[in-house]
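Below you'll find the structure, written out as structure tokens, and then a few comments.
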Amino acid sequence: MARVISIINQKGGTGKTTSAINLGAYLASLGRRVLLVDFDPQGNASSGLGHRHNLEDISIYHGLVGKVEPESVIKGSSVLNFHFIPANNHLSGALVELVNLPEREYYLRKFLHRLRHRYDYILIDLPPSLSLLTVNGMVASDEVLIPVQAEYYSLEGLSQLLETIYLIQSHLSHPLQIAGAVITMYDKRERLSREVAKEIRRNFRHHVFESEIPRSVALAESPSFGKPVILYNNTSPGALAYNRLAKEIISQEKQYSVNF
């Protein structure tokens, strides 16, 4: 059964989608079967894996509302054992369609439950906002991974996100765990980056991964080629950082227990 992890931050520009794509690619390169679910209507994770958007294409929306079988929306990536489910603007319509339905928070959970026996990891790239889509993603997950940009405004957003997670845990009685925070956009040459990283490690009450994701030209360029960085420049600092992060995630497997 897959370990289902949402990658989430309500603040945009934290490296959330970059982390979803590249963590997934490196987990697959380390022998794990991985599915990335693009659950953001902008579809950036899909395009970052080379998917060309077409509103006539089958996407996560069609699987979510039961128009197609889950297996029919899965796409293969250029990395062995790394699959993904694309998103497009249709997903925005799900917000309207689900809002008056019973158990509206559980649609993605029910959808993924039919797939999780096929994978070791299912990663969900959530939109940078708090909406019914975000709630669906968290309820479908066992854990959340939080990318935190190395700047002070990120610290403020982190506390707001934790409040949202606690609300999911209490109001929906869902035992959502926090896999940890990962520091992104880190530049060890900048005093501000070093101070923010130190502040996060000192005050964040949950796990903070040792791997710090640096600002990297290769990470910025690889999506335009439709490739994860492992295929674009696997010796770049960003690539090496995501390789280390994937190994840290795998090292947590011994303490992991399925909550479904």
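The values are calculated or read from the model by the stated rules, or taken from the named source; none is laboratory data. Note that the structure is a prediction, hence the values are computed from the model and not measured. With ideal geometry, Cβ positions are generated from the backbone for all residues, glycine too; neighbour counts draw on all protein chains shown.
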Problem set entry | Exclusive hit being in contact (Cβ under 8 Å) with a residue 12 or more places away in the chain and within 22 Å of Ala2 (Cα to Cα), set Leu98, Leu130, Leu91, Leu126 | Leu126
Exercise. Can we say Ser59 is more than 25 Å from Arg104 (Cα to Cα), at pLDDT 90 or above, under 20 Å from the mean Cα position of the chain (by Cα) and not basic (Lys, Arg)?
Worked result: no
For this session: Go through the residues of the stretch 168-177 one by one and say whether even a single one is of a type in the set (A, V, I, L, M, F, W, C) and within 20 Å of the chain's Cα centre (by Cα).
Result: yes
Exercise. Take the residues of the stretch 204-260 that are within 20 Å of Leu30 (Cβ to Cβ) and basic (Lys, Arg): which is surrounded by the fewest Cβ atoms within 10 Å (Cβ to Cβ)?
Worked result: Lys254
For this session: Give the residue that is farthest from Lys247 (Cα to Cα), with candidates limited to residues of the stretch 183-232 that are in a strand (DSSP E or B) and acidic (Asp, Glu).
Result: Glu212
Problem set entry | Test result for Gly157, in a helix (DSSP H, G or I) and either crowded, with 21+ Cβ neighbours inside 10 Å or touching a His at 6+ places or on another chain (Cβ under 8 Å) (or both) | no
Problem set entry | Boolean, Arg109 is over 16 Å from the mean Cα position of the chain (by Cα) and modelled with pLDDT of 90 or more | no
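Quick check on this structure: which one of Val65, Val34 is within 19 Å of Arg118 (Cα to Cα) and either in contact with a Phe, Trp or Tyr (Cβ under 7 Å, 6 or more places away or on another chain) or surrounded by 14 or more Cβ atoms within 10 Å (Cβ to Cβ) (or both)?
Result of the check over Val65, Val34: Val34.
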Problem set entry | Odd one out for Leu108, checked against (1) under 27 Å from Leu176 (Cβ atoms); (2) free of Cβ contacts under 8 Å to residues at least 12 places away in the same chain | (2)
Exercise. Which numbered condition trips up Arg201, out of (1) under 18 Å from Tyr152 (Cβ atoms); (2) in contact with a strand residue (DSSP E or B) (Cβ under 8 Å, 6 or more places away or on another chain); (3) in contact (Cβ under 8 Å) with a residue 12 or more places away in the chain; (4) surrounded by fewer than 15 Cβ atoms within 10 Å (Cβ to Cβ)?
Worked result: (3)
Problem set entry | In the stretch 130-153, residue surrounded by the most Cβ atoms within 10 Å (Cβ to Cβ) [restricted to those that are farther than 27 Å from Asn89 by Cα and touching a helix residue (DSSP H, G or I) at 6+ places or on another chain (Cβ under 7 Å)] | Ala150
